[in-house]
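The values are calculated or read from the model by the stated rules, or taken from the named source; none is laboratory data. Just so you know, these numbers come straight off a predicted model, no measurement behind them. Methodologically, a virtual Cβ is constructed for each residue, glycine included, from the backbone with ideal geometry; neighbour enumeration extends over all protein chains shown. We work out accessible area using only protein heavy atoms, side chains counted, and drop any ligands, DNA or RNA first. Shrake-Rupley method; radii C 1.70, N 1.55, O 1.52, S 1.80 Å.
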Amino acid sequence: MAEGAARRTVLLAVAGALPLLAAAPAAAAPVQPPGQDEVDAARAAAAGTAQRVAALQTELTRQQADLDAAHVRLSVAAEDFDEARALLQQRTAEAAAAAGAAGTARAELDGARLALGRIASRSYRGAAGDLESLASVLGAGSAQDLLDRSATLERLTAHRDEAVERADRAQRAAEAARAEADTAADAQQRATDAAAAARTAAEAAAAAADAAVTATRVRTEELVAELARLQRTSVELERDRQAALAAEEQERLEAAARQAVEAAAGASTGVLVAAGPTAGADTAVAWALDQLGKPYRWGGEGPDAFDCSGLTLRAWEAAGVRLPHSSRLQRSSGAPVALADLAAGDLVFYATDTSDPATVHHVALVVSPGRMVEAPHTGAVVRTASIYRSGLLPHGTRPR
């Protein structure tokens, strides 16, 4: 009996445990490692994504470089126009002065001819007058009378000879003045033609730069959106990343430009004049800083928009110094000063070839050590920036 009871107890225990065993989860199946095909596909996808990201980043860098090149082309074209316009003003003034001098010379010639004509008329009216003069000499009552009358004849003859000589001089002067006036007029016409051609070129460059700005802005948004998708980030985060990359690149370029300028300055054998600060420099700087945020416009000299030399022209005009509306001409409108000696108000210049001043295309006004205020390029506004960038000449100019 006891054995049977024990068997029943075991059976009951087993039966009670069966529901628990049924409710317990089944053991997880072992995870199968991915096949080689899956691994290769994943690696290929990752590599493809990385390559696409790199390609997009390269395109962003290239289009910024292209945009910078378009800005430089506009800067060069705008400076060509500014210089041509300034030279036209100079040639126009020269032509007006030459025409005035020619008119004066012509009037003097007319006066000399009139005087000579009167003498000739008197002489023509009378050989009789000459005979009377001769008779008066021969009929002189005394030696003193003879001397007096002979002197009178000599004065009359001298007066006639002087009139002839004056007319000859006036003739030569009038011809020279007329030739100079013709030359000045020709120079004015050539300057007019050059200014017109430069304006056409600047307009074309401005249109191209405007189109480049618009196209670059649109394409940049497309590239940033695709980068965000590939890297599984937000567009805003990708914009911030691109801005950080651009800032790093700018710092690199500034450092390279500083090194290049310092090397060029060290190798320079030219004598640079470290003139004392120009009176009114603080006024020029303050005026220029008041223009911050106003748009760039080629050929502009205010009050609402400026190009580079238009801004510096007006800034120094506020300080009582007149500069030409041309960065190339402004370069020679004062004393040269080494970059190490730059003071507020000095001008710094940029060229496509730093060994050739004829390629200067941009000017800016120094506001503090290493900093400037400038009207940079189309699509931008008057701003402050580092003076160190590609094309910086190894010396500036202190306006006088």
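Going by a ≥ b ≥ c, the root eigenvalues of the Cα gyration tensor, does the stretch 179-264 fall in the rounded group (a/c under 1.5), the prolate group (a/b larger than b/c) or the oblate group?
On the way: a/c = 8.14, a/b = 2.09, b/c = 3.90.
The shape class here is oblate.
Note on Thr49: accessible area approximately 50 square angstrom, rounded to 10, probe 1.4 Å, nucleic acids and ligands left out. Taking the protein heavy atoms of the stretch 336-375 in the context of the full set of protein chains, the accessible area attributed to carbon and sulfur is 54 percent at 1.4 Å. Ligands, DNA and RNA excluded, the heavy atoms of His325 present near 20 Å² of accessible surface to a 1.4 Å solvent probe.
Sorting 216-228, 101-113 by average packing, meaning the other beta carbons within 10 Å per residue, from highest down gives 101-113, 216-228. Accessible area ranking (1.4 Å probe, heavy atoms, ligands and nucleic acids excluded), largest first, for Glu249, Glu180: Glu180, Glu249.
Kindly report the accessible area of the stretch 262-396 per residue (heavy atoms of protein chains, probe 1.4 Å, no ligands, DNA or RNA), in Å².
Here the per-residue accessible area is 40 Å².
The accessible area of Asp290, taken with all protein chains in place and a 1.4 Å probe, comes to roughly 120 Å². Apply the a/c threshold of 1.5 to the C-alpha gyration tensor of the stretch 242-400 and tell me whether it is rounded, prolate or oblate. Oblate. If you sort Trp287, Trp316 by accessible surface, 1.4 Å probe, largest first, the order is Trp287, Trp316.
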